[in-house]
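First up is the structure itself, then whatever we jot down about it.
The values are calculated or read from the model by the stated rules, or taken from the named source; none is laboratory data. Remember, predicted model here, so these are calculated numbers, not experimental data. Here Cβ is always computed from backbone atoms with ideal geometry, including for glycine, and neighbour counts include all displayed protein chains. Note: areas computed on protein heavy atoms with side chains; ligands, DNA, RNA excluded. Shrake-Rupley method; radii C 1.70, N 1.55, O 1.52, S 1.80 Å.
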Amino acid sequence: MSIIDILDIKKYLNIDSSDTYDDNYLKELLAVAECYIEICCGVGYKKRLEGLYLSDLLIKKLVSDMYENRGTMIANNSKRDIMVGTMLDSLANMGDVNV
């Protein structure tokens, strides 16, 4: 489980904390982002503090992308998000390192 919550996500997205209109949707996106990272990387990164920090930033980025775009469709002319790929690779490799 992530150390970030709905209030952290709202702050990241510049949504007023008292605005509850999209709370359920944001909670779903948060769960999807966490699930996606675990499927791609396993859970070994959770044993390292830097892994938790990196995963929280990645969760915020993924939620932001899904919230702003309201979907997962990728245009044919879009570029690959190198930052997301690098972060996923880093988290996956943290699980392979003995702590």
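Residues that are on the phi < 0 side of the Ramachandran plot and open to solvent by 30 Å² or more (accessible area, probe 1.4 Å) within the stretch 2-14 comprise 3, 5, 6, 7, 8, 11, 12, listed in sequence order.
Each residue in the stretch 15-31 was checked for being surrounded by 12 or more Cβ atoms within 10 Å (Cβ to Cβ) and in contact with a Lys or Arg (Cβ under 8 Å, 6 or more places away or on another chain), and 1 of them qualify.
Whenever a residue of the stretch 25-42 is under 16 Å from residue 91 (Cβ atoms), it has no partner that is among the charged types (D, E, K, R) and surrounded by fewer than 19 Cβ atoms within 10 Å (Cβ to Cβ) lying with C-beta atoms less than 8 angstrom away and at least six residues away or across chains.
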